[in-house]
Amino acid sequence: MLKIDSNKYKNIIFDLGGVILNIDYTLTVNAFIELGINNFEGLYSKANQNPVFDNYETGKINSNEFIKEISKQSKTPLDSISITNAWNSMLLDLPSERLDLLEKIKSKYRIFLLSNTNEIHWISYSSYLKKTYGFEDLSNYFEKQYLSFKIGMRKPNKEIFDFVLKENALNAEETVFIDDSIQHVQGALERGIMGIHLTAGQTILDLFNH
């Protein structure tokens, strides 16, 4: 697997879910199927999703509106707790060795977090971090954290990569972007950023010489 050349690259932009944090989309799909939304896989997947998810991830609708939209997909009434729990089912653990790696490389590279995420997931994720590690976000590891629902943009759109590059005066040719979704990696490549696609079984630890 490709190793990141510290002589060539000065900046690294990391995705969160599937790169730093372990996730499993099928757990959320199955949870919603159990709630009676049998077509949920057609509404939401790693590669494609219904506009309601895009709108939620870019902050165009709030959590209450998102829950109402999801509830409409069910033939029987669903309460907000059931929907929230099902939506959070995909969120798994964050192995400590990945935090150790971030701590190690942040003195060598400028590192950033760029995530398509939403308020419900962010609240759950922050709670997990607080309970497991004693802090609520990764601000001590990253120079800046860019969350789609807070900045109103999402990957793979060109504007979000341009925004991160411009705000931090980054040279695209000196920047690496790491993501587990190929369409997001393609978006970075089209902007002139070196894109690395993490596939099943690969982790960020494979990208660096220890």
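Each reported figure results from applying straightforward, stated rules to the coordinates on display, with no laboratory input. Since this is a predicted model, take the numbers as computed values, not measurements. Cβ placement follows ideal geometry from the backbone for every residue including glycine, while neighbour counts extend to all protein chains displayed.
Computed from the Cβ-Cβ distance with R0 of 25 Å, the FRET efficiency linking GLU190 to LYS144 stands at 0.65.
With the convex hull of its Cα atoms as the shape, the range 111-210 has an orientation-averaged projected area of 7.2 nm². In terms of Cα atoms, the Rg and Dmax of the chain work out to 17.4, 58 Å.
Gain on full extension, evaluated as 0.36 nm per residue between LYS68 and ASP100 minus their Cα-Cα distance, stands at 7.5 nm.
When the P(r) of the range 1-93 is calculated, the portion above 15 Å amounts to 67% of the C-alpha pairs.
Computed from the Cβ-Cβ distance with R0 of 22 Å, the FRET efficiency linking THR76 to ASN157 stands at 0.05.
A straight Cα-to-Cα reach below 21 Å connects LYS130 with the lysines LYS144, LYS150, residues fewer than 8 places away in its own chain not being considered. Between 0 and 90 degrees, the angle of helix 158-167 with respect to the longest Cα principal axis of the chain falls at about 50 degrees. Once both labels are positioned 7 Å from their Cα atoms along Cα-to-Cβ, the gap between THR199 and GLU136 label points is 4.0 nm.
In this rough spin-label picture, where each label sits 7 Å from Cα along the Cβ direction, the ASN7-GLN49 distance is 4.1 nm.
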